[in-house]
Amino acid sequence: MILIRSLLIILVVAQLISCGKSEKQLAAIKLKLAESLYQKGDTAQALAQADSISVLYRASVQEANAANQLKKKIYGDLLYRKQDELDTLKKAIATLEENFVAEKTGADRYAQYIHKRQDPERRWNKSYIQVHLDGTGELSISSNYYGDTWLDHTGIRVYDGDLQAKTDTVGLDNVLNHHSDFLDTKWEKITYIRGGGQEVIDFIAQHADRKLKAVFLGKRYYYIILEEYDKQAIIDALHFSGVLKRKAILEKEVRNLKSKI
């Protein structure tokens with residue numbers, strides 16, 4: 001009985017297999033699906049379907065070759081779009097650069113962008129918030145104090161009414177908290193890196209239409225009203241930062257796509 005039952009099972013399976021589609025037919029169906037998805041603009045799923053053909057149906061050489069050609073066509077279209085976007089971004093960068101002075105010393109790995117309205121040589125005797133941007137799009141700010149008495153400030157708060165934002169606290173013993181003096185003049189500068197001033201950057205950009213104030217937080221408090229051109233410098237730098245970071249992403253994607261064609 002066991003032998004008869006086993007033979008019956010084998011016969012049923014064999015019949016089912018004979019009634020099913022061949023690998024070549026199944027591969028052709030999947031290829032048509034990939035082409036259809038591509039025509040509908042779903043490139044991610046089209047690539048996934050095309051990729052699976054050589055894995056699932058290894059004996060279907062013709063369909064696998066056709067799938068590879070389809071993939072190259074899709075990658076070529078994607079490359080064209082990315083390069084077009086990259087060209088547009090480069091034009092935007094050229095326009096944005098007009099608001100900045102690019103500097104690069106031997107110690108700098110990337111160019112450092114200084115907004116023309118915040119030229120340090122013209123602001124040396126002012127207390128203000130300065131924005132800093134490098135060629136990778138990394139953004140930071142610094143609080144610059146000028147006066148006749150030490151504040152020993154460790155951070156700043158920007159506010160208007162109940163709205164406010166603060167930087168991280170940077171201790172007096174931190175190398176980013178710099179002090180210098182000449183005769184009776186005192187200078188203090190804190191640079192907030194690695195996102196330490198991002199909350200303030202975003203706050204100023206979002207509320208630039210308000211009469212924003214800043215308080216230097218230290219042993220003594222010192223208050224300033226943000227100048228319109230300082231607020232605009234931060235807005236310009238934030239926009240420039242986003243464009244530079246997008247450019248870096250696109251350049252990497254273009255290199256990757258070129259390697260697949």
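Any read-out appearing in this document is the output of simple, stated calculations on the displayed coordinates, not a laboratory observation. None of the values given here were measured: they were computed from a predicted structure. With ideal geometry, Cβ positions are generated from the backbone for all residues, glycine too; neighbour counts draw on all protein chains shown.
Things to note:
- Separation in nanometres of the label points that stand 7 Å from Cα toward Cβ, at Lys32 and Ala107: 6.8 nm
- Hydrophobic, long helices, defined as DSSP H runs whose alpha-carbon span along the helix axis is 15 Å or greater and whose mean Kyte-Doolittle value is at least 1.6, occur in the chain at 2-19.
- Highest GNM mean-square fluctuation among Gln164, Gln45, Gln83, for the chain modelled with Cα contacts below 10 Å: Gln45.
- Distance histogram in 10 Å bins (all Cα pairs of the chain, percent per bin): 6, 21, 20, 13, 11, 10, 8, 6, 3, 1, 0
- Cβ crowding within 10 Å ranks Thr105, Thr43, Thr149 as Thr105, Thr149, Thr43, fewest other Cβ atoms first.
- Here Ile235 and Asp77 are evaluated by their C-beta separation; at R0 = 51 Å the FRET efficiency comes out at 0.90.
- At most 16 other Cβ within 10 Å, DSSP loop - trypsin sites (Lys or Arg not before Pro), segment 40-85: Lys40, Arg58
- Sites Glu23 and Gln45, calculated FRET efficiency, Cβ-Cβ separation with R0 30 Å, nearest 0.05: 0.90
- Annotation: extensible slack from Tyr159 through Lys211 equals 17.8 nm (criterion: 0.36 nm per residue apart, minus Cα-Cα distance).
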